[in-house]
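What follows is a single structure, written as structure tokens, with notes after it.
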Amino acid sequence: MDKIEYELGMVGLGVMGRNLVLNFADHGFPVSGFDKDVSKVSALNSEGAGKMIKGVNSLQEFISILKKPRVVMMLVPAGAPVDAVINDVLPFLEPGDLIIDGGNSHFTDTNKRFKELGNKNINFLGVGISGGEQGARFGPSIMPGGPSASYERIRPLFEAVSAKVNGSNCVEYLGTGSAGHYVKMVHNGIEYGLMQLISETYDVLKRGLNYTNDELHDIFDTWNKGELQSFLIEITADIFLQPDGNKSGRLIDNILDKAKQKGTGKWTSQDAMDLQVPLNTIDAAVSMRDMSAYKEERENAAKIFQSNQYLFNGDRKVFANKLRGALFFSMIITFAQGMAMLDSASREYHYNFKLKDIAKIWRGGCIIRASLLEEIAEAFENNPNIPNLLLDSEISKEVLKRLENIRFIIKSAIDLEIPVPAFSASLSYFDSYRSPWLPANLVQAQRDLFGAHTYERVDEKGVYHTLWNKI
Ligand code: 6PG
């Protein structure tokens, strides 16, 4: 039998790595796999039986069977594991070989790795891959960044395995350096925002309107047939039906209300602060993951600050419909924040992003996929330089149609004593963004009074400082 030359070698055969290898092989690309955990290698070999897949336990053999110039891809946790894999494979590689990091690496780490590997004439790509296990197996959204020549080498494989929407691949070369990992980070920031908004919607429906899990399923299932159509709404509808194993009741009611986070949403908020791009909704989502972790403190505080929780006693269907509008309003606002951040980062880090392309590859395969992304892609197609999605004529109409809904829901949630920080942040972002005047003049006055930090005037150019009178 001819000796197969493997097009790509995958290091890291966890959920994502193993499923992506199977996906590559399903599309006719012979792929080898390596993992220090031999049980993962044998799991790949049994699942890949009959396919052009070879799981090996020795790194030397793993490298030796790769077609030259070699392509080594890794799907391992961000941080030290990535550096460990690079150090392990480097001795076996030759100039011109390509390493691909498909994990959720922080973009500054990716920048560092580009430099280190470039000095050794080893090519490098930082690639965001979204869609979880199902995405990896049957079609992820892929966000590659790095030298375009290196991308060209892997483009056929990525285009074959990526999700497809209306015949177009959910993969596009995004730019040099850490462009791919940056886009994935912002994808996750938007993901955090949408997940928080959906959880607040659930809270209002459950604690405010006393809907049952079956009714919650029906509501989200219906919403998923309209403007809210998206992966996160779809899985939320299903979650309410999941039985709790061999116990009675539904699993959702027995899951501990302490959210974990691997950090990509936090990174988004951190870099937005550095770029001075407001991400009100995404920041609220990150903070609420932190707040949820204070479970024990919250239980104690509840004893001190008794909540007068009561139920909404009006027409629940009318209320739920307004909530649907508030959720869509806030979904648009969250995407507007993320796209504005990408625009700012593109200038600051010279990524030269095409926001239309990013919206298009997010239409399928990824966690934030939604039919709304069709309109978002169109908005940036019509005006690639629009500073904020909200200024697009079609999008602005969608937002204005639901302004009454968001105001009603926030006011009602306040009366029902149900926290809705992401909804509130979304409305405040909107109300601030469309305010020609904001009370920042007082901030300037305070800063100049106590710190002589100076201020500008509305009526004359220049920078001023006042010796404020002690009145
Ligand atoms: C994706 C997801 C994935 C992320 C998980 C966990 O795009 O497939 O974003 O990359 O790691 O969602 O993220 P958190 O632990 O930060 O919620």
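The values are calculated or read from the model by the stated rules, or taken from the named source; none is laboratory data. Everything numeric here is computed off the predicted structure, so don't read it as measured data. Counting neighbours? That spans all protein chains shown, and the Cβs are built from the backbone with ideal geometry, glycine included. Calculation scope for accessible area: heavy atoms of the full protein, side chains included, ligands and nucleic acids excluded. Shrake-Rupley method; radii C 1.70, N 1.55, O 1.52, S 1.80 Å.
Considering only residues that are touching an Asp or Glu at 6+ places or on another chain (Cβ under 8 Å) and closer than 21 Å to Phe423 by Cα, which ones fall in segment 265-307?
Of the residues in segment 265-307, the ones touching an Asp or Glu at 6+ places or on another chain (Cβ under 8 Å) are 265, 269, 272, 275, 292, 295, 307.
The answer is Gly265, Ser269, Ala272, Ser292, Ser307.
From the list Gln306, Gln337, exactly one residue is of a type in the set (S, T, N, Q) and modelled with pLDDT under 95. Which is it?
Working: Gln337 fails: modelled with pLDDT under 95.
Only one candidate qualifies: Gln306.
I'm trying to understand the selection: among the residues of segment 53-68, which are touching a strand residue (DSSP E or B) at 6+ places or on another chain (Cβ under 7 Å) and surrounded by fewer than 19 Cβ atoms within 10 Å (Cβ to Cβ)?
Answer for segment 53-68, where residues must be touching a strand residue (DSSP E or B) at 6+ places or on another chain (Cβ under 7 Å) and surrounded by fewer than 19 Cβ atoms within 10 Å (Cβ to Cβ): Leu59, Ile65, Lys67.
Here is a check on your reading of the model: is Gly314 within 16 Å of the ligand (Cβ to nearest atom) and either surrounded by 19 or more Cβ atoms within 10 Å (Cβ to Cβ) or assigned by TED's automatic domain parsing to the domain that holds Leu400 (or both)?
On the way: within 16 Å of the ligand (Cβ to nearest atom): no; either surrounded by 19 or more Cβ atoms within 10 Å (Cβ to Cβ) or assigned by TED's automatic domain parsing to the domain that holds Leu400 (or both): yes.
Against the criterion (within 16 Å of the ligand (Cβ to nearest atom) and either surrounded by 19 or more Cβ atoms within 10 Å (Cβ to Cβ) or assigned by TED's automatic domain parsing to the domain that holds Leu400 (or both)), Gly314 does not qualify.
Specify the residue that is farthest from Val171 (Cα to Cα); the eligible residues are those in segment 338-353 that are open to solvent by 30 Å² or more (accessible area, probe 1.4 Å) and in contact with a Leu (Cβ under 8 Å, 6 or more places away or on another chain). Before the answer, list the steps.
Pass one, segment 338-353, residues open to solvent by 30 Å² or more (accessible area, probe 1.4 Å): 343, 347-350, 352.
Still in the list and also in contact with a Leu (Cβ under 8 Å, 6 or more places away or on another chain): 343, 348.
Details: Asp343: 19, Glu348: 23 Å.
Restricting to residues being open to solvent by 30 Å² or more (accessible area, probe 1.4 Å) and in contact with a Leu (Cβ under 8 Å, 6 or more places away or on another chain), the top hit is Glu348.
I need the helices (runs of 4 or more DSSP H) fully contained in segment 129-241, keeping only those with at least 3 residues that are open to solvent by less than 10 Å² (accessible area, probe 1.4 Å) and within 16 Å of the ligand (Cβ to nearest atom). Show your work before the answer.
Values: elements: 132-138, 148-161, 179-203, 213-223, 231-239.
The qualifying helices (runs of 4 or more DSSP H) are 179-203.
For segment 440-471, which residues satisfy the criterion of being open to solvent by less than 80 Å² (accessible area, probe 1.4 Å) and either of a type in the set (A, V, I, L, M) or at negative phi (or both)? Lay out the reasoning, then the answer.
Let us first name the residues in segment 440-471 that are open to solvent by less than 80 Å² (accessible area, probe 1.4 Å), namely 440, 443-445, 448, 451-452, 454-455, 462, 464, 466.
Passing the criteria: Ala440, Val443, Gln444, Ala445, Asp448, Gly451, Ala452, Tyr455, Tyr464, Thr466.
If Val277 satisfies every condition in (1) within 26 Å of Asn224 (Cα to Cα); (2) more than 16 Å from the ligand (Cβ to nearest atom); (3) within 27 Å of the chain's Cα centre (by Cα); (4) in a loop (DSSP other than H, G, I, E, B) but one, which is the exception?
(1)
Can you pull out the residues in segment 366-385 that are without any contact (Cβ under 8 Å) to a residue 40 or more places away in the chain, more than 16 Å from the ligand (Cβ to nearest atom) and either open to solvent by less than 10 Å² (accessible area, probe 1.4 Å) or within 15 Å of Asp431 (Cα to Cα) (or both)?
Step one: list which residues in segment 366-385 are without any contact (Cβ under 8 Å) to a residue 40 or more places away in the chain, which gives 373-375, 377-379, 381-385.
If we keep only those that are more than 16 Å from the ligand (Cβ to nearest atom) as well, we get 374-375, 377-379, 381-385.
Ala377, Ala379, listed by residue number.
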